[in-house]
Each structure stands twice: as C-alpha cells, then as structure tokens.
Amino acid sequence: MPLKSSDDSRMTSRSDLQKQFGSIDIYLFDQLLKGRITSEMRVLDAGCGGGRNLIYFFCSGFDTSGVDQSPEAIAQIRSLAAQLAPHLPVDNFRVAAIEQMPFDDESFDVVIALCQRRGALAQHGPGDVASAEAGRDLLCPAGLDYWHGR
C-alpha cells in the first residue's frame, strides 16, 4: 500500500523505499534523519555482510568501505557496489576480522557495526571490547562510532 506524503500529490511505494534505503537498520536510519551522517563523511561498515545497510550510502555518493570475515559477503558487497557506486574502488571492501581491520587510523568519519543476531558485537564480551576499540582507532577526531546489537 502506498504511503501518502503530506502533499498528497506524491506517492512513495514500499518498493521505492526499499530501492532507496535497502533493509537499513532503523537506528542507522534515525542517524541519517537527524543529520548526524552526511554525504561528505567517510563511512566504514564493520561486519558489513552483504551490504544491507549500505545501499543508501552507495546511491547517495558516500565514500564507503566495508569489512567482513566472510569472503562470500565481501564478493556480494563488491558486486553491489559495482552496480550502485562504480566510483568506489574494489579495495574499499575487504575480508578481515573487525578486531584487525586493515585501514589506517583516523580514516573514517563514521564506523558502523550493526549485528542482526544475539551474541554478536554488543554483548560486552572481551572480543566486543577489542572490536569497539579497533573501530574507534579508525575514526577521525570527533567521528561517530555507531555500534548496535540485538
């Protein structure tokens, strides 16, 4: 069912929203709505998987990178980036553990780590602390680190 805008002259279908934003995490979407993440920022998705949170960033011209331990996930995100953001170098997407991300310190304005399953990053285990510290090392001063698990 289409969603009506306040103008009523414009209709946005669910598929249009899906095409523009993908299956973006609601908490990340909230950060975008609040203007905390802007197009001039360099974004790293730590544990990017197949890229569910990156579609909007690709389509909006962000300088985006991602890491994941799965070679299959990185192959998938590289393919998606080639389609939606061909200006991004393939090397922006790398197979790596979050605790050992292969980027220089202070390389990013935003580091995102969003987990879809229990027992992942935000469960406060020793590896989670190392992961968070590794992500913060990659942030520019005053950068935004956004870690969330469910």
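Per-residue answers, yes or no, for (1) loosely packed, with under 14 Cβ neighbours inside 10 Å; (2) within 14 Å of the chain's Cα centre (by Cα); (3) of a type in the set (A, V, I, L, M); (4) under 13 Å from A46 (Cβ atoms):
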| site | (1), (2), (3), (4) |
| --- | --- |
| P71 | yes, no, no, no |
| I77 | no, yes, yes, yes |
| Q83 | yes, no, no, no |
| L88 | no, no, yes, no |
| I98 | no, yes, yes, yes |
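For region 71-78, state whether one or more residues are in contact with a Lys or Arg (Cβ under 7 Å, 6 or more places away or on another chain) and modelled with pLDDT under 85.
So in region 71-78, the residues in contact with a Lys or Arg (Cβ under 7 Å, 6 or more places away or on another chain) come out as 74.
When the remaining residues are screened for being modelled with pLDDT under 85, the result is none.
Looking through region 71-78, none of the residues is in contact with a Lys or Arg (Cβ under 7 Å, 6 or more places away or on another chain) and modelled with pLDDT under 85.
Looking only at region 99-130, count how many residues are at pLDDT 80 or above and either among the charged types (D, E, K, R) or more than 19 Å from Q31 (Cβ to Cβ) (or both).
Filtering region 99-130 down to residues at pLDDT 80 or above leaves 100-112.
So of that shortlist, the ones also either among the charged types (D, E, K, R) or more than 19 Å from Q31 (Cβ to Cβ) (or both) come out as 100-107, 109.
The total comes to 9.
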Open item on the list: Out of I24, I37, I need the residue that is of a type in the set (A, V, I, L, M, F, W, C), touching a Lys or Arg at 6+ places or on another chain (Cβ under 8 Å) and either closer than 24 Å to F93 by Cβ or modelled with pLDDT under 75 (or both). Which one?
Closed with: I24
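From S23, S39, S13, which residue is of a type in the set (S, T, Y), in contact with a Leu (Cβ under 9 Å, 6 or more places away or on another chain) and surrounded by fewer than 14 Cβ atoms within 10 Å (Cβ to Cβ)? Steps first, answer last, please.
Values: S23 fails: in contact with a Leu (Cβ under 9 Å, 6 or more places away or on another chain); S39 fails: in contact with a Leu (Cβ under 9 Å, 6 or more places away or on another chain).
From the options S23, S39, S13, the qualifying one is S13.
The values are calculated or read from the model by the stated rules, or taken from the named source; none is laboratory data. Quantities reported herein were computed from a predicted structural model and do not represent experimental measurements. Positions of Cβ are generated from backbone atoms using ideal geometry, with glycine treated the same way; all protein chains shown enter the neighbour counts.
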